[in-house]
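Below is one structure, written out as structure tokens; the observations come after it.
The values are calculated or read from the model by the stated rules, or taken from the named source; none is laboratory data. Keep in mind that this is a model prediction, so the values were computed, not measured. Cβ sites come from the backbone with ideal geometry, for glycine too, and all protein chains shown count toward neighbours.
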Amino acid sequence: MTEKKLPFTKEQIEKIIEKYPTPFHIYDEKAIRENVRRLLKAFSWNKGYKEYFAVKATPNPHIVKFLSEEGCGTDCSSFAELILSEKVGITGKDIMFSSNETPASEYVKARELGATINLDDISHIPFLEKHCGIPELISFRYNPGPLRTGNPIIGDPVESKYGFTKPQIFEGFKIIRDKGAKRFGVHSFVISNELNRASYVGTAKMLFELAVELKNEIGIHLEFVNLSGGIGIPYKPEQDAVDLKALAGEIKEEYNKIIIPNDLHPLKIFSECGRMITGPYGYLVSTVLHKKDIYKQYVGLDASAANLMRPAIYGAYHHITVIGKENAAPDHEYDVVGSLCENNDKFAVNRKLPEIVPGDIIAIHDAGAHGHSMGYNYNGKLRSAELLLRENGEVKMIRRAETVDDYFATLDFSDL
Ligand SMILES: *Cc1c(COP(=O)(O)O)cnc(C)c1O
């Protein structure tokens, strides 16, 4: 069970709304910092452990900045994410560049910043060499194909576009070593939003075993394995968060069984978590504009799928709190919807909630990752602001809301 609490009271949020109109995303800095400290502490048995925060989850420099203060690097997969890291002051080995279908200009930028490059395909070895040379340190992304089952969210690895096959990993390391690379790592991402520890431990075990095979068969001695992201969060109240200490302990057991006896110690463990770092500590706050009573009862918000897309595209559950009615009986049933001209623009369907009236303020939970960042401008909807609830209780605007001028900025009306 996970208690779905809010880090602010009704009075506090009403004050915030006076200054920053809804809808907006608000992030709880204290909770995010404490969460990342738990992760780093759990893996502290591994001296080389590093978390590269997956920037795509919450690409806001203020958030990336305080995560770097806690010791995180960044996991980037696009030019803009590399630039964001650079602007925050994160460069060199603190950037993991895990991209796919990568344009040459992005490899050039990653090399310029000294990022660790995690190649997605064997054909990118000559591509990289041609455009920016072979770095001393290189990582390959491994797709185990039929050797793993993945999970329902990410699907069967055989159907996944990512990574090298197993024979390609061996072939690729031989090729890149001949071209001058000297230090090596492997990466794999086969599960997503997974609450079951065994799946993540399975990825660690798989990569540890691969490290042994690489050493024994072709004399490649890995410096790191990158377990990537995919640790899930309890979107539903009846779910439990992943016990990070237990997870790291189970990975340590595999390390002791596989890495130590095979003379591969010390091997650094990396992760690229996004969702579990910020997801539970970000809220989409919205005001109820209308109520509608037709074949069903609808509650219409000033937010839409353009602010938080997951329910519309995956049917994902996001918990909803009617602020100030936390203790009222959930004796009404509503579809909570946004204003897009798309009938999938529903934050919740048949949700039991207390009676709602126009003007009520709604918090949509677990919107801290893959929330604002997936936002889009369909139907001329403007992206909302992002606010940071600081540790001292102050609220800082860390991204302003778009204006209609932003929306039209790429058009030239004088040219009609
Ligand atoms: C999306 C992604 C992540 C982060 O995944 P989460 O589910 O947010 O933990 C990490 N690495 C890569 C390469 C990704 O594409």
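Key figures for this structure:
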read-out	value
Any hit, region 171-188, residues being more than 12 Å from the ligand (Cβ to nearest atom), in a helix (DSSP H, G or I) and within 29 Å of the chain's Cα centre (by Cα)	yes
When residues of region 215-246 are limited to those that are among the β-branched types (Val, Ile, Thr) and not in a loop (DSSP other than H, G, I, E, B), the one nearest to the chain's Cα centre (by Cα)	Ile231
Flag if Ile134 is assigned to a strand (DSSP E or B), assigned by TED's automatic domain parsing to the domain that holds Asp240 and either away from the ligand (no atom under 16 Å from the Cβ) or modelled with pLDDT of 90 or more (or both)	no
Residues (more than 16 Å from the ligand (Cβ to nearest atom), in a strand (DSSP E or B) and buried (at least 20 other Cβ atoms within 10 Å of the Cβ)) located in region 251-287	Tyr283, Leu284, Val285, Ser286
Residue list for region 158-167, restricted to those being more than 14 Å from the ligand (Cβ to nearest atom) and more than 18 Å from Val212 (Cβ to Cβ)	Val158, Glu159, Thr165
Enumeration of residues in region 152-186 that are touching an Asp or Glu at 6+ places or on another chain (Cβ under 7 Å), farther than 21 Å from His265 by Cα and either surrounded by fewer than 16 Cβ atoms within 10 Å (Cβ to Cβ) or among the aliphatic types (A, V, I, L, M) (or both)	Lys179
Of the criteria (1) of a type in the set (A, V, I, L, M); (2) closer than 28 Å to Lys19 by Cα; (3) within 16 Å of the ligand (Cβ to nearest atom), which one Ile313 fails	(2)
Yes/no for Asn196 being free of Cβ contacts under 8 Å to residues at least 60 places away in the same chain, surrounded by fewer than 23 Cβ atoms within 10 Å (Cβ to Cβ) and under 22 Å from Gly368 (Cα atoms)	yes
Matching residues, region 344-374, being more than 16 Å from the ligand (Cβ to nearest atom), outside any strand (DSSP E or B) and under 27 Å from the mean Cα position of the chain (by Cα)	Asn344, Asp345, His365
Residues being touching a strand residue (DSSP E or B) at 6+ places or on another chain (Cβ under 7 Å) and either in the same structural domain as Lys236 (by TED's automatic domain parsing) or surrounded by 18 or more Cβ atoms within 10 Å (Cβ to Cβ) (or both) - total across region 313-334	6
Subset of region 207-250 that is closer than 18 Å to Ser192 by Cα and away from the ligand (no atom under 16 Å from the Cβ) - its residue that is surrounded by the fewest Cβ atoms within 10 Å (Cβ to Cβ)	Asp240
Pick from region 85-120, criterion more than 15 Å from the ligand (Cβ to nearest atom), among the aliphatic types (A, V, I, L, M) and in a helix (DSSP H, G or I), ranking: nearest to Asn60 (Cα to Cα)	Val88
Search result, residues across region 384-415 that are touching a helix residue (DSSP H, G or I) at 6+ places or on another chain (Cβ under 7 Å) and either charged (D, E, K, R) or without any contact (Cβ under 8 Å) to a residue 40 or more places away in the chain (or both)	Glu386, Arg390, Glu391, Tyr407
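Quick grid of which residues meet (1) touching a residue at least 40 places away in the same chain (Cβ under 8 Å); (2) in the same structural domain as Ile251 (by TED's automatic domain parsing); (3) not β-branched (Val, Ile, Thr):
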{"site": "Lys10", "(1), (2), (3)": "yes, no, yes"}
{"site": "Lys30", "(1), (2), (3)": "yes, no, yes"}
{"site": "Arg38", "(1), (2), (3)": "yes, no, yes"}
{"site": "Tyr52", "(1), (2), (3)": "yes, yes, yes"}
{"site": "His62", "(1), (2), (3)": "yes, yes, yes"}
{"site": "Glu70", "(1), (2), (3)": "no, yes, yes"}
{"site": "Cys76", "(1), (2), (3)": "no, yes, yes"}
{"site": "Gly89", "(1), (2), (3)": "no, yes, yes"}
